[in-house]
1. Percent of accessible area on the chain owned by carbon and sulfur, 1.4 Å probe?
2. In nm, to one decimal, how far is the Lys10 label point from the Gln120 one, both placed 7 Å along Cα→Cβ?
3. Of Met124, Gly91, Thr111, which is farthest along the charge dipole of the range 84-133 in the positive direction, counting Lys and Arg as +1 and Asp and Glu as -1 at C-beta?
4. Pairs of Cα atoms under 8 Å, at least six residues apart: use those to get the relative contact order of the chain, whole percent.
5. When only alpha-carbon atoms count, how far does the chain stretch along each of its three principal axes, as whole angstroms with the largest first?
6. Between Glu109 and Thr27, what FRET efficiency follows from the Cβ-Cβ distance if R0 is 25 Å, with the result rounded to 0.05?
7. May I ask which residue of His49, Val59, Gln18 lies farthest towards the positive end of the charge dipole of the range 1-64, with charges of +1 (Lys, Arg) and -1 (Asp, Glu) on Cβ and the Cα centre as origin?
8. Just how large is the dipole of the chain about the Cα centre, in debye to the nearest 20, putting +1 at every Lys and Arg Cβ and -1 at every Asp and Glu Cβ?
Amino acid sequence: MEELSNLLQKHVSVLTTQGKTFIGTLTGVDTETLSVCLTNAKSDAGDIHKVFLNGDTIVQISSFEKPFDLQSLGERLERVFPRMVRVMDVGGVLVVMDRIRVNVRGIMEDTGHAAERVQQVFVMLIRTKALKA
């Protein structure tokens, strides 16, 4: 479920059991039924402002975006906080000083000077990746 929720607000392609493909922004997921909502979608029938797809009809959901590189962030943070950074790929979380948790959206918890510094490194990495793209 965490992987699917990480795709929220991302551009995805959804293939249905009927062989139809919908491409749009994933704006909602029902975790019980795996039903999804796409906005600004396109299909063979044309443009669709909003479409809801029942989880029983979904064969595949594909993401167009490259996942956030936690390893690169971990390496950069390791330069600032030597031997105090743990990358937990399974949960998509990075932990600094055993208390500052960071995911693809930034700082999840903690405040203070160290957390501010972690956020600065995070923002610098995002800007660098955006400039390269």
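The values are calculated or read from the model by the stated rules, or taken from the named source; none is laboratory data. Remember, predicted model here, so these are calculated numbers, not experimental data. For neighbour counting, all protein chains shown are included, and Cβ atoms are generated from backbone atoms with ideal geometry for every residue, glycine included. These accessible areas exclude ligands, DNA and RNA; they are computed on the full protein's heavy atoms, side chains included. Shrake-Rupley method; radii C 1.70, N 1.55, O 1.52, S 1.80 Å.
1. 52
2. Label at Lys10, label at Gln120, 3.0 nm between them.
3. So the residue furthest toward the plus end is Met124.
4. RCO, the chain: 15 percent.
5. 53, 34, 21
6. Plugging the Cβ-Cβ distance into 1/(1 + (r/R0)^6) gives 0.45.
7. His49
8. Dipole magnitude for the chain comes out near 600 debye.
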